[in-house]
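Presented below is the structure to which this report refers.
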Amino acid sequence: MRIVVLGSAAGGGFPQWNCNAPTSRGVRTGTLRAKPRTQASLAVSADGERWLLLNASPDFRQQVAATPVLWPQQGLRHSPIAAVMLTSGEIDHVAGLLSMRESQPFALWAAPPVLAALAANPIFDALSPRSVDRHAVAPNGPFAIAGRGGGLGLTVTAFPVPGKVPLYLEGQAGNDLSGAPDETLGLEIAANGVRFHYIPGCAAMTPQLRARLQGSPLVFFDGTLWRDDELITTGVGAKTGRRMGHMSIDGPDGTIAAFADLGARRRILIHVNTTNPVLDEDSPERAALADAGWEVAEDGMEIAL
């Protein structure tokens, strides 16, 4: 199984277009040892020819242009991307679908609340049903994911994780922003006897999630913020990480502590916000992360399992 990290940043990318916080300013000016990043998405393939996209980033076109295995390979119109799997309805996970509207056949897989949100917005009607098959995903049961033209050799198990409704639906959610149980999904992807987990958004570690991740060979996990109050202390926002549906990395309830006894062999943070100090490769936070056995995903990273 081949995995390509198409994008590794949270919504807005790194540097975010309107952010002048130290990390964003430093990477722009070259005074920070850090790599620019587009918004989070993975491409996965069992055979190196037909690919599954995990979330459709707003930076989709740029990501495909930087990834030769996703270039057209035959005829006048073609794409190796056979299917797209969405983990939530957030803008940074679905907006790239609008860049896939050129009558290219593929299959779209998502939980019912996400499909409902897409169906309620007529702009997504640009994805004609003549070209794009939409499939509802039932959590907790493995299924063989397929695209137009048959199976991809990949088995996916989608499972609910704590999260929240997309930002654009908060006004309809009342006082409970957590949404339906399958509003936010984690994924286990398996092929050829190997597997990995992809969880770009998660608000808390639960006993059920701990059980799923125990001994995982590879986990891509929500790395949005280092501290829960990061946006507040940097002065760029008023929301905590929990309010946005994300665990923090540091602290007694953070990701490092939560994974300390899970036995996951390789742990990689993804969906990293533009304010997060771990983006600075010389920061003490990056050193602490490495000491705890974690990596930070980078655009273009490739992994073979």
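The values are calculated or read from the model by the stated rules, or taken from the named source; none is laboratory data. The structure presented is a predicted model; accordingly, all values stated were derived computationally and were not measured. Note that we place each Cβ from the backbone using ideal geometry, even for glycine, and neighbour counts take in every protein chain shown.
Restricting to region 48-80, name every residue that is basic (Lys, Arg) and in contact with an Asp or Glu (Cβ under 9 Å, 6 or more places away or on another chain). Talk me through it step by step, then tell me what you get.
First, pick out the residues of region 48-80 that are basic (Lys, Arg): 50, 61, 77.
The one that is basic (Lys, Arg) and in contact with an Asp or Glu (Cβ under 9 Å, 6 or more places away or on another chain): ARG77.
Residue by residue, here is whether (1) out of contact with any helix residue (DSSP H, G or I) (no Cβ under 6 Å at 6 or more places or on another chain); (2) farther than 25 Å from LEU98 by Cβ holds:
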{"site": "SER131", "(1), (2)": "yes, no"}
{"site": "ARG148", "(1), (2)": "yes, no"}
{"site": "GLY151", "(1), (2)": "yes, yes"}
{"site": "THR155", "(1), (2)": "yes, yes"}
{"site": "PRO162", "(1), (2)": "yes, yes"}
{"site": "ALA180", "(1), (2)": "no, no"}
{"site": "THR184", "(1), (2)": "yes, no"}
{"site": "ASN192", "(1), (2)": "yes, yes"}
If we keep only residues of region 128-158 that are aliphatic (A, V, I, L, M) and buried (at least 20 other Cβ atoms within 10 Å of the Cβ), then the residue nearest to GLY186 (Cα to Cα) is ALA158
Please verify whether GLY75 is crowded, with 24+ Cβ neighbours inside 10 Å and small (Gly, Ala, Ser), treating the condition exactly as stated.
no
Could you please find all residues in region 1-32 being basic (Lys, Arg) and in contact (Cβ under 8 Å) with a residue 40 or more places away in the chain?
ARG2
Within region 2-40, of all residues that are among the basic types (Lys, Arg) and in a strand (DSSP E or B), the one surrounded by the most Cβ atoms within 10 Å (Cβ to Cβ) is ARG37
So in region 213-233, with the set limited to residues that are crowded, with 20+ Cβ neighbours inside 10 Å, over 14 Å from the mean Cα position of the chain (by Cα) and not aliphatic (A, V, I, L, M), which one is farthest from PRO162 (Cα to Cα)?
GLU230
Going by what's in this entry, would GLY179 be described as more than 22 Å from ALA40 (Cβ to Cβ), out of contact with any strand residue (DSSP E or B) (no Cβ under 6 Å at 6 or more places or on another chain) and not basic (Lys, Arg)?
no
Output for region 42-71, where each listed residue is farther than 18 Å from HIS271 by Cβ and assigned to a loop (DSSP other than H, G, I, E, B)
ALA46, ASP47, GLY48, GLU49, ARG50, ALA66, THR67, TRP71
Would you please list the contacts, defined by Cβ atoms under 8 Å and residues six or more apart or on different chains, that run from a residue in region 266-290 that is touching a residue at least 24 places away in the same chain (Cβ under 8 Å) and within 16 Å of VAL219 (Cβ to Cβ) to a residue that is part of a strand (DSSP E or B) and among the basic types (Lys, Arg)?
VAL272/ARG37
Scanning for something loosely packed, with under 14 Cβ neighbours inside 10 Å, closer than 23 Å to SER178 by Cβ and modelled with pLDDT of 95 or more, does region 269-285 turn up at least one residue?
no
What are the residues in region 277-305 that are within 21 Å of ALA204 (Cα to Cα), over 16 Å from the mean Cα position of the chain (by Cα) and outside any helix (DSSP H, G or I), if any?
ALA292, GLY293, TRP294
Cβ-Cβ under 8 Å pairs, at least 6 apart or on other chains, region 41-55 side free of Cβ contacts under 8 Å to residues at least 60 places away in the same chain, far side surrounded by fewer than 21 Cβ atoms within 10 Å (Cβ to Cβ) and charged (D, E, K, R):
GLY48/ARG2
Kindly evaluate SER103 against the criterion of being modelled with pLDDT of 95 or more and among the polar types (S, T, N, Q).
no
When every residue in region 164-212 that is aromatic (Phe, Trp, Tyr) and surrounded by 14 or more Cβ atoms within 10 Å (Cβ to Cβ) is compared, the one farthest from the chain's Cα centre (by Cα) is PHE196
